[in-house]
Amino acid sequence: MNNKVFDRKTIRLIVSGGLAAAVLLAGCTKNDPAPSAEGSSDPYDKLPKTVSVNARDNGNIASEEGNIEENRWTKWINENSGVQVKWIATPPTLGPLIQKLNTLVAAGEGPDLFVEANRPFLSTLVENGALQPIDEYIDKYSTSYKKYLAEHPELKEWVTFDDGKMYLAGVMRAGTSGTVVHAGFIRQDWLDKLGLKMPTTSDELLEVAKVFKERDPDGNGKADTVGFSFNIPLGLGSPIQGIFDTMADKWHLENGKPTYGALTERFADSIAFNKRMYEEGLVDKEYLTDKNFERQKQLWVTGKSGIFLGTTGDVYNLYKDLKKNVPTAKLAPIAPVSTKYGKNGYNQGVGLAGNMVGFNKQMKNPKAAVQLIDFMIDKGGFTLANGLENVHYKMSNGVPAPVDPQKNAKELTYASTYNMLYNDKGSYEDLLKNPNPDPIFREVDELRALAGKVLLSVPFRRDFPVLPSTQEFNQTMTAFNALVDPAIAKAVVSGAAYTPQMAAEDLKKEWKRLGGDKADQLMNDYYQKKKAAQK
């Protein structure tokens, strides 16, 4: 025994006659399992099967359903997984979420399982020693996830870090689980009414938006319509950057050299497109300060904007409100338009399907955590996506068909919050196999199926699906990314005083100031290493 002063917990144990227990506890770190009884096959079997997990609180749970910590789906998971899960509420948006999790980690109160789609953040946790390798746990305790890994060897690249160890659990994108990430949708009924064709070039897209603004497509005799609305910022990976083949937050291989997206020569042209939209009045003037895009969504659902650019989810979720306000509205997906650089797709999901799961180095029972992951791969993910059979869906034509879409909207939609790892085997074609009993939701299914076909018809360029995981590399990108939106916004509103070219040049200077040269070298070393390994 060392001479360390006992803490209050140990003193209480001594006073109560538990000196032997106190000595044992003093020799165990938080990460170590408690000493096992003689004859136990596994020390973790002596511990409670409890695991804490973070969950984004999106505010979409009806009060009668409960709250983020306790509701029908948290109870269902606890009753069916064999693991008692404690859900830790975190903010819904990335910045505040990361701040909350970092605060919890610093206080030693981080969740046992970190569930997040942002790999750079998880990489930082790996670099800081907050996460632990999971290879041995998966090999020793898993059945279902271990089988999934064997069936998807390409997954290893995404979850393995520079030391060759696997720190994350994840699944590959498949079916309808986020394959289409960004999209463009247009009011087809406005095109038909005004005798316009579907735009196929960036210039035609602007011209159609101009007609939508000037020729009263809603027929109310007022000049109150705009061409575009959005649900995503101008900067990091917007659909506009996608069609210009210059995604700000992704690396591009330019003349054999890795180049960060906002530093390509094409980037200024993507800013110029935004500037034209603003100066020609094709977008609501408040869109630069509409941080939560509430006004943008309101313009869309009230029938005041003709083109929606952003993530697909809001288009589908807002469809009912749009049809309620404008029963004659008809939507169509816009295939990615061409620019002078050719044709490039909108951001499409490849690699990992959304969430990744990391194991807190301080967790007490990793065996229970593996059991929860196996449960999610087996049936948990499917149920959280489709609900309970004969309650929320019935199997028909080999696919789950909703029983009552209105009931599902209330009872099922928020279940995705807890869907840590969903092995989605569905397809866009499956959406049409069982006509939805609700006509509005049936139209959404038809729109989703058409969007899957149209939006994926143009490949999205992704030269580097996986990036280096070093903290220095990620910190440079994170600091730089925070400067992209302000630079674009300044160029958009400043007229000739601050041009897109000026913004692009200033961003290049900021990249160097933040250590971009070192990040370039790290990325190039990474690329050369991968290229050599492929020979």
Practice item. Assuming R0 = 35 Å, can you tell me the calculated FRET efficiency for the pair residue 513 and residue 340, based on Cβ-Cβ distance, to the nearest 0.05? Key: 0.70
Check your understanding: If the limit is 28 Å between Cα atoms, which of 490/530; 291/323; 285/453; 86/379; 257/512; 210/340 go over it?
Key -> 490/530; 285/453
Check your understanding: If you take the beta carbon distance between residue 214 and residue 265 as r and set R0 to 30 Å, what does 1/(1 + (r/R0)^6) give as a FRET efficiency, to the nearest 0.05?
Key -> 0.35
Exercise for review: Run the dipole for the chain about the Cα centre, Lys and Arg Cβ at +1, Asp and Glu Cβ at -1, nothing else charged, and hand back the magnitude in debye, nearest 20.
Suggested key: 260 debye
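Among all helices in the chain defined by DSSP H, which have a length of 24 Å or more along the axis from Cα atoms plus a Kyte-Doolittle mean of at least -0.5? Could you put the intermediate results ahead of the total?
Numbers: long enough: 471-493 (35 Å, 0.41); 516-533 (25 Å, -1.58).
Helices meeting the criterion: 471-493.
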Check your understanding: Any idea what the alpha-carbon Rg over 2.2 N^0.38 Å comes to for region 224-296?
Key -> 1.22
Point to revise | Convex hull projection area averaged over all views, region 210-252, Cα basis, nm² | key: 3.8 nm²
Revision key, fill the gap. Among [x] 28.5, 119; [y] 23.1, 73; [z] 25.7, 89, the entry matching Rg and Dmax of the Cα atoms in Å as calculated here is [z]
Point to revise | Chain lengthening between residue 150 and residue 464 when straightened (0.36 nm per residue, less Cα-Cα) | key: 110.7 nm
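Coordinate-derived values only; no laboratory data. Please read these numbers as outputs of a predicted model, since none were measured by experiment. Heads up, the Cβs are rebuilt from the backbone with ideal geometry, glycines too, and the neighbour counts pull from every protein chain shown.
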